[in-house]
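Q: I am attaching a structure below and will ask some questions about it afterwards.
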Amino acid sequence: MKKVLLSIVFILLNAISQINAQTLIFEEKFETTPTFQIPSGWIAIARNGGSGWMVSSSVPSSLVGGFSGKVVSVRASSMSDDKLLITPLINLQAGNSFSLNFLIGATGSANKHYAVYVLQSPVSSFTGTETPALEGNISTGGTAVLKTINLSGYGGQNVRVYFRMFNSSGDNGTLILDDVQIRHQGVLGTSEIKQDSHSEIYPNPVSDDIHLKSEFKIIKAEVFDATARKMNTTLNNSILDVRNLQPGTYLINITTTNKTYSQKFIKK
C-alpha cells in the first residue's frame, strides 16, 4: 500500500512540475548564521521581554525527528511568552502564484501555540490583533511537520512573514523552525492547456464551478495544488465546486469508467 501511495504522489509531483515551473524566490535554512544569533535582515522581538528566537545547533533526533543541521528556536518558559521572528521584506510580483513552506516542531510537553502572519505594515505597528495566515497548536512534540501557506492573494505586495510563539505552556520546552521557503509558480495562459480528446473542462480560468464533460461516466474528480496536496472540493454530477480555493494553478484528476486523466486549471 505504501509503495502504491508513494507512486501516486510521485506521478502527481512529476505531472505538476511539467505543467508549472516553480522558482525559489526566498530561502533560509539558518546554516550560515552563528549560533545564538539570527540571520542578517531578520528581526527577533521578545514582546514580553527576556530572550527571543535564535539560531541553535542541530537538534538531536531523540528530541525532535525530521530536522537536520542548524535551526532557529525559542523557549517557552511561561504562558505570557510572546516572541516574534520576522523575515526581511520580500517582493511578491503581481500576477503570480506563491507558496510559503516551512518545518515546525517542538520539544517538551504539549501546547506550543504559534501563528504566521503575512503583513505589509511596518514592524513597529504590529499589535498581535492582526489576522494570521495560519495559526496552530503543536499538541504532540517530537516530530518536524511541513506546513504550506498559499500566498497568491499577496501578489503585487512587499511583505514580511511573522512567526509568533505565544499562549504556550510554560514547561521550558522549545518551538523549532527551519527550511523557510517561498516559491513562485508562473501562471500559464489557458491557450497553453492541452485538452484530452475525450474530455473537456470549462470555464477555464474559473471563479466558482467547473463543468466536466466526458464521453464516459465520471466517477470522481480530485484537485491538487502545486505541492501535490489534495484540496477540499465538492463534485455534484458533472459540476465541481472550487469557489473556496485560493487563486492559483491546480491539477484536476478526473476518473471515468474508461480511464483517469489529468488537466490543469486556473482559479481566479
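Q: Only Lys, Arg, Asp and Glu count, each charged at its Cβ (+1, +1, -1, -1), so figure out the dipole size of segment 24-184 about its Cα centre, rounded to 20 debye.
A: Dipole of segment 24-184, to the nearest 20 debye: 40 debye.
Q: Further question: Under 5 Å between amide hydrogens, which residues at least 5 positions from Ser97 or on another chain qualify, with H placed 1.01 Å from N in the peptide plane?
A: Gln185, Val187
Q: What number do you get for segment 24-184 when its Cα radius of gyration is normalised by 2.2 N^0.38 Å, N = residues?
A: For segment 24-184, the normalised Cα radius of gyration comes out at 0.98.
Q: I've got another one for you. Quick one: order Thr33, Thr260 by neighbouring beta-carbon count within 10 Å, fewest to most.
A: Lowest count first: Thr260, Thr33.
Q: How much length is gained if the chain between Ala46 and Met231 is pulled fully straight, taking 0.36 nm per residue apart and subtracting their Cα-Cα distance, in nm to one decimal?
A: Full extension from Ala46 to Met231 adds 63.0 nm.
Q: A follow-up question, please. Near Asp241, within a Cβ-to-Cβ distance under 9 Å, what is the net charge of the other residues, with Lys and Arg +1 and Asp and Glu -1?
A: After counting each charged neighbour, the total is -1.
Q: Counting Lys and Arg as +1 and Asp and Glu as -1, what is the net charge of the other residues whose Cβ lies under 12 Å from the Cβ of Phe30?
A: With Lys, Arg at +1 and Asp, Glu at -1, the neighbours total -3.
Q: Once you list every other residue whose beta carbon is under 12 Å from the beta carbon of Leu146, what net charge do they have if Lys and Arg are +1 and Asp and Glu are -1?
A: Within the 12 Å Cβ shell, the charges total 0.
Where a number appears in this text, it was derived from the coordinates with a stated rule and is not lab data. On a predicted model such as this, the values are computed, not experimentally measured, just so you know. With ideal geometry, Cβ positions are generated from the backbone for all residues, glycine too; neighbour counts draw on all protein chains shown.
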